[in-house]
Amino acid sequence: MSQLNSQQAAPAMQELKVGVIGGGFMARTHADAIRRAGAQLIGVRSNGEQSTQRAAAALGVPAFESVQALIEQCDVIHITSPNALHFEQPTAALEAGISVVCEKPLATNAHGAKQLADLAARSTAVASVPFVYRFHPMVRQARAHVQEGKLGRLLTVRGQYLQDWMHTVSDNDWRVEPALGGPSRAFADIGSHLVDLLEFIAGEKIVRLNATTSIAHTHRGAVAVDTEDAAALIVQMASGAIGTMMVSQVNAGRKNALTIELSGEKSALEFQQEKPEELWIGKPEISSVLSRQATDLSADAARLSVVPAGHPMGYLDAFAAFVADTYAAIAGKAPNGLPTFADGARACQLTDAVLESARTGEWVATNA
Ligand SMILES: NC(=O)c1ccc[n+]([C@@H]2O[C@H](COP(=O)([O-])OP(=O)(O)OC[C@H]3O[C@@H](n4cnc5c(N)ncnc54)[C@H](O)[C@@H]3O)[C@@H](O)[C@H]2O)c1
């Protein structure tokens, strides 16, 4: 086992041994970011032998015989398996004393996610969750705009995260089955990113919410659907600001349309994930669009702005920055804005609140 304790120095980046669990879209994305960070990707374990062999071939690394065998050889494990595995697998990693990057949602309910966050807090290992939209330079610029007082007292917030990959009745995925995806589908899958980003930029919490959910198709394949395709929320922030959040995976033509707007007494701002190089700044007189240009940015945004303006940065760059910051934390640094298991648990708390409000029709307090 490659276990570290607080007495040992962290390995140099090129010596950091990393494994990936899972073999799909996210396994490839994590593998790219691991390599860009300069760490050693030593192996993969997916679901069964054939799936693991395919993943090993796709990533160009050895196939491991079990999750436990991989954990025993690693300093860090990246978990990209279906949601229902996001309790047992990170628990095994943390109990083995290794650092862990676990995909969202962190567990399929708030109770399990809190247990994981508590376990991580008691450990010397680093435990992070890929809320990677935090790592766009213009998101950091938006956050700095708020922190520097340029937004003023927050008045309203507006957010949406719209996709269409579950639009037709023939669209299907393991996320539809609660046994694999958990009791929430669209909100746990993408709403979790939206509320994380809102609280990250605003620097304050959603203190209560009211939500309703809908199911577009009663059956997908042979499976009767009882997880939501869409969720609509009214939220209230700690400062008293109010707002709406729309989350859907059945909006025709929308691919990954995450948009967030904060409106304050002095100005407003809007960030669109599909145009990540820009930040709209709204003012009653003249509004403007700020393009990424490191010399014009806050220190934190400039830090993440790794290529000159005019050379577009995007999702994979945000992912790489997230993984690099996780490894910086493992090396003993304190990178700004790293999403931890506590943040993963917060998103799960809000997801549970959405389901509860949709079930009861009542407002649910979310500030505890
Ligand atoms: N942070 C982000 O931006 C982001 C984006 C997309 C997905 N995700 C999250 O990543 C996770 C994976 O999503 P995906 O899109 O890669 O799904 P996917 O279906 O493409 O891949 C899932 C993989 O897990 C494997 N698997 C199934 N059971 C397993 C087990 N018991 N042990 C190990 N591997 C197992 C499958 O064989 C498959 O290769 C999900 O939890 C999802 O919420 C995060």
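A few remarks follow.
- Residue match in the stretch 303-324 (condition: aliphatic (A, V, I, L, M), surrounded by 20 or more Cβ atoms within 10 Å (Cβ to Cβ) and over 30 Å from residue 15 (Cβ atoms)): no
- The one condition in (1) closer than 26 Å to residue 321 by Cβ; (2) surrounded by fewer than 24 Cβ atoms within 10 Å (Cβ to Cβ); (3) without any contact (Cβ under 8 Å) to a residue 60 or more places away in the chain; (4) within 11 Å of the ligand (Cβ to nearest atom) that residue 123 fails to fulfil: (4)
- Which numbered condition residue 347 fails, given (1) within 11 Å of residue 209 (Cα to Cα); (2) touching a Lys or Arg at 6+ places or on another chain (Cβ under 8 Å): (1)
- Of the residues making up the stretch 327-368, just one is of a type in the set (A, V, I, L, M), free of Cβ contacts under 8 Å to residues at least 60 places away in the same chain and either open to solvent by less than 60 Å² (accessible area, probe 1.4 Å) or in contact with a Phe, Trp or Tyr (Cβ under 7 Å, 6 or more places away or on another chain) (or both), namely 328.
- Criterion (without any contact (Cβ under 8 Å) to a residue 40 or more places away in the chain and either closer than 30 Å to residue 32 by Cβ or touching a helix residue (DSSP H, G or I) at 6+ places or on another chain (Cβ under 9 Å) (or both)) met by exactly one of 239, 298, 291: 291
- Selection status of residue 27, within 27 Å of residue 329 (Cα to Cα) and either of a type in the set (Gly, Ala, Ser) or touching a Cys at 6+ places or on another chain (Cβ under 6 Å) (or both): yes
- Residue match in the stretch 142-155 (condition: open to solvent by 60 Å² or more (accessible area, probe 1.4 Å) and either of a type in the set (Val, Ile, Thr) or within 16 Å of the ligand (Cβ to nearest atom) (or both)): no
- Criterion (modelled with pLDDT under 95 and closer than 21 Å to residue 355 by Cα) met by exactly one of 223, 247: 223
- For the stretch 195-234, residues that are in contact with a helix residue (DSSP H, G or I) (Cβ under 9 Å, 6 or more places away or on another chain) and assigned to a helix (DSSP H, G or I) total 7.
- Residue list for the stretch 69-91, filter: part of a helix (DSSP H, G or I) and either β-branched (Val, Ile, Thr) or within 11 Å of the ligand (Cβ to nearest atom) (or both): 70, 71, 83, 84, 85, 88, 89, 91
- Condition met for residue 66 (near the ligand (Cβ under 8 Å from one of its atoms) and more than 21 Å from residue 317 (Cβ to Cβ)): no
- Qualifying residues in the stretch 43-61 (those that are open to solvent by less than 30 Å² (accessible area, probe 1.4 Å) and outside any helix (DSSP H, G or I)) - the one nearest to the ligand (Cβ to nearest atom): 46
- Verdict on residue 100 being open to solvent by less than 20 Å² (accessible area, probe 1.4 Å), within 16 Å of the ligand (Cβ to nearest atom) and assigned by TED's automatic domain parsing to the domain that holds residue 225: no
- Selection within the stretch 36-76 - in contact (Cβ under 8 Å) with a residue 60 or more places away in the chain and touching a Gly at 6+ places or on another chain (Cβ under 6 Å): 74
The values are calculated or read from the model by the stated rules, or taken from the named source; none is laboratory data. Predicted, not measured: the structure shown is a model, and the values here were computed from it. As a convention, Cβ positions derive from the backbone with ideal geometry for all residues, glycine included, and neighbour counts pool all protein chains shown. The accessibility values were calculated without ligands, DNA or RNA, using every heavy atom of the protein model including side chains. Shrake-Rupley method; radii C 1.70, N 1.55, O 1.52, S 1.80 Å.
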